[in-house]
Each structure stands twice: as structure tokens, then as C-alpha cells.
Amino acid sequence: METQQQLDDFQARIDAGEKIEPKDWMPERYREQIIRMGSQHAHSEIVGMLPEGNWISRAPSLKRKLVLLAKVQDEAGHGLYLYSAIETLGVRRSELIDQYLYGNAKYSSIFNYPTLSYADVCIIGWLVDGAAIVNQTKLAHSSYGPYARANLRICKEESFHKKQGYEMVAKLAEGTPAQRKMVQSAVDRFWWPTLMMFGPNDSNSPNSAELLKWQVKLNTNDELRQHFVDRVVMEAEAVGLTLPDPDLKFNDETGHWEFGEIPWDEFWDVVKGNGVMNRERMKSRRKAHEDGAWVREAAQAYARKKNLSREKAS
Ligand code: 3HC
């Protein structure tokens, strides 16, 4: 049973800006929320390797291939930092992965869109990683210590991802008419899905109030989305690309860019598993997991053998 005094003391620690560490007392609901959100974040990083991985063998030069390989590998690393952070709450990684591959755990909607051209890879670097940075730089100050520290490491790598994406976008935007057309088409297709990454509007976000109270999230979904739009409009202008929103206009009074209505029906459809690539993404992840079973078994057998020899020696 959680007493009111325990809950009040916990809230006082949060309000004082203290980090909550794995062995500290915490409300069960706080633990569940970190597991839900953090594991969803980890699954997103792992599934996020697929859209870009699709272009590794077709990158336009050796240099681009090396950069893309490194980036995709970084995303796997981000997933591992996050799974490790969440495991500190006493949940096994295998359970989290089962919930995602065979249960109801979610992963980011953005990865259910296809990458039709190499320009899509460039746009993912600029917009998708750019949106992830806006979100994750805040999560690096999250109240749960291991999750905050995982995000801090992730952000350092994400900023390289965004820079390489924007550099490629700039190159295509100043290239041949065909290259400009290809990169503009990628912006047109990825713009709204990128805005959806920040989650539903605040009025439709059931988890936000609790997460904000416990400073797991430091900003609402809409605040982060606005922050992202304000940054990206200037970046698009600088490379001569058009964001596909006729309602985009600067509001002198608020100092922010206003934007049009996000296609929420499409968002919820994708979240429910009906996006263009949902089934394909899950199929690929399940196959990779099942094909890798022998590696996990071998690693566990090796660890058991090592432990046995250590026990015998001591
Ligand atoms: N895609 C899929 N599901 C989403 C979603 C999205 N873009 N946005 C929200 N949802 C789901 C939520 O998970 C929740 O469902 P659940 O209760 O079953 O888990 C439901 O919709 C309602 O949303 P809420 O706003 O109440 O949920 P949250 O308060 O958790 O906020 C969030 C959603 C802002 C995405 C938050 O969970 C978050 O910040 N997560 C961590 C960051 C993250 O996951 N980023 C994913 C991208 S990873 C990435 O970009 C890799 C890069 O390197 C390319």
C-alpha cells in the first residue's frame, strides 16, 4: 500500500528537481509509466533502423553509405541504452520485446511510412531526427535518472544525425531539377507524419498530466511540436524548400509560426496498426528476432559457463 505521506514525499523530491534512482521508493504508477514510455521509445529506435536501412545497399556513394551505416547502427545503440535504463526498474528486456513483437506495446508512428527515394533518408535525418532531438533534449532532464542519462547520450548522437541529414538535403536542394523535385517530394510526404511524432494534441493526451506532474515529460506534446515548427520553418527557407502547409504563417503577437490542422485520423489509423508499412515493419522485426534466437541462447549458455567457472574458482 502506498501511503499519502510516501506520495507527498515523492512529489516533494520531484518538485525539488531531484533525480529518482532505481532503488528509491516510487509510486507503482510512476514505475509503470516509465516502463510504458521508455520501452515504447526503445522499440521506436529499433524499428527506426528499417526505413533507412532500406537504402544502405543503394546509397549513392561510398561516403554516403558509410555515414548511413553508422547512423543506422547508432539507432540500434539508442535502443540498447533505453532498454538498459528501463531494466533498472526490474523488468526483463525479453518481456518488453515480447510486448512489442507479440503484444500491444507501441512504437513511433513515423516509422510506418515507406522510404521511396534516397531523398527520404535525407529528410528523415533532417526532420525526423530533428523532431527527436527537440523531444529528447527535454527528456534528458526527465526525473528518472537512468532514463534521463540514456537520453543525454542519445542526443549527442542525434545531433550528428540531424546535421548529416540537413547537409544532404541542402546538397539535393541546390542540385539538378530532378534532385530538387525528389527532395521536395520527400518533404511533402514526411512533413505531417513528422508533426505527428510529438503525439496527440494536449487535449487528447491521456498520459500527459501524470507525466508532467512527475516531470517525466517536461513539456506538453503541443509545446514541443510548436518549438519544432518554429525551428524548421527557417531551416526550410534557408535551403529553398516549401513546407506543404498553406496555413503556415508567423504570428507577430505570439512570436510563433501557426500551422494547419494535422490529419489526426491518419495518425490514429497508423497508431492502430493500419499504416502503409505497419504490417511489413512488424514482420521484419519478428523475423529478425526469431532468426536471432540461437545467438541469444549461445550468449546465455556462455554466460552460464563463465559463472560456473567463476564459482568453482572462488
Ligand atoms: N506514435 C505511436 N504512438 C503514439 C505516438 C506516436 N507518435 N504519440 C502518442 N502515441 C501513443 C502513446 O504511446 C499513448 O498510447 P499508450 O498509452 O498505449 O502507450 C497514446 O498514443 C496517447 O498519447 P499520449 O500523448 O498520452 O502519450 P505520452 O504522454 O506517452 O506522449 C510521446 C507520447 C510524446 C511520443 C512520448 O511517449 C515520448 O516522448 N516518448 C519518448 C520519445 C519517443 O518515443 N520518440 C520516438 C521517436 S524515436 C526516434 O525518433 C528515433 C530517431 O533516432 C530517428
Check: Going by the conditions given, is Lys63 part of a loop (DSSP other than H, G, I, E, B) and either within 13 Å of the ligand (Cβ to nearest atom) or among the basic types (Lys, Arg) (or both)?
Finding: no
Notebook entry, point to check: Inside the stretch 91-194, counting only helices (runs of 4 or more DSSP H) that do not spill past its ends, which hold 2 or more residues that are polar (S, T, N, Q)?
Noted result: 93-102, 129-139, 145-173
Notebook entry, point to check: For the stretch 148-162, how many residues meet the condition of being open to solvent by less than 40 Å² (accessible area, probe 1.4 Å) and either within 9 Å of the ligand (Cβ to nearest atom) or in contact with an Asp or Glu (Cβ under 8 Å, 6 or more places away or on another chain) (or both)?
Noted result: 5
Check: Can you find even one residue in the stretch 166-175 that is touching a helix residue (DSSP H, G or I) at 6+ places or on another chain (Cβ under 7 Å) and farther than 25 Å from Ala70 by Cα?
Finding: no
Margin query: Take residues that are of a type in the set (Phe, Trp, Tyr) and surrounded by 12 or more Cβ atoms within 10 Å (Cβ to Cβ) and tell me which of the helices (runs of 4 or more DSSP H) falling wholly in the stretch 234-314 contain 2 or more.
Written below: 264-269
Checklist line | Residues that are of a type in the set (Phe, Trp, Tyr) and either over 20 Å from the mean Cα position of the chain (by Cα) or surrounded by fewer than 22 Cβ atoms within 10 Å (Cβ to Cβ) (or both), drawn from the stretch 82-112 | finding: Tyr102
Checklist line | The lone exception for Gly125 - which of (1) open to solvent by less than 10 Å² (accessible area, probe 1.4 Å); (2) under 28 Å from Asp24 (Cα atoms) it fails | finding: (2)
Margin query: Can you pull out every residue in the stretch 1-41 that is under 14 Å from Ser142 (Cβ atoms), part of a helix (DSSP H, G or I) and of a type in the set (A, V, I, L, M, F, W, C)?
Written below: Ile14, Ile34, Ile35, Met37
Next item on the list: Among residues belonging to the stretch 134-145 that are more than 10 Å from the ligand (Cβ to nearest atom) and open to solvent by 20 Å² or more (accessible area, probe 1.4 Å), point out the one that is nearest to Gly90 (Cα to Cα).
Entry: His141
Item checked: Output for the stretch 18-55, where each listed residue is small (Gly, Ala, Ser) and either open to solvent by 50 Å² or more (accessible area, probe 1.4 Å) or without any contact (Cβ under 8 Å) to a residue 40 or more places away in the chain (or both) -> Gly53
Note to self: I need the full set of residues from the stretch 197-217 which are free of Cβ contacts under 8 Å to residues at least 24 places away in the same chain and within 14 Å of His141 (Cα to Cα), in order please.
What the structure shows: Leu212
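The values are calculated or read from the model by the stated rules, or taken from the named source; none is laboratory data. Please read these numbers as outputs of a predicted model, since none were measured by experiment. We place every Cβ from the backbone using ideal geometry, glycine too, and count neighbours over all the protein chains shown. Heads up: the accessible areas ignore ligands, DNA and RNA and are worked out on the full protein's heavy atoms, side chains in. Shrake-Rupley method; radii C 1.70, N 1.55, O 1.52, S 1.80 Å.
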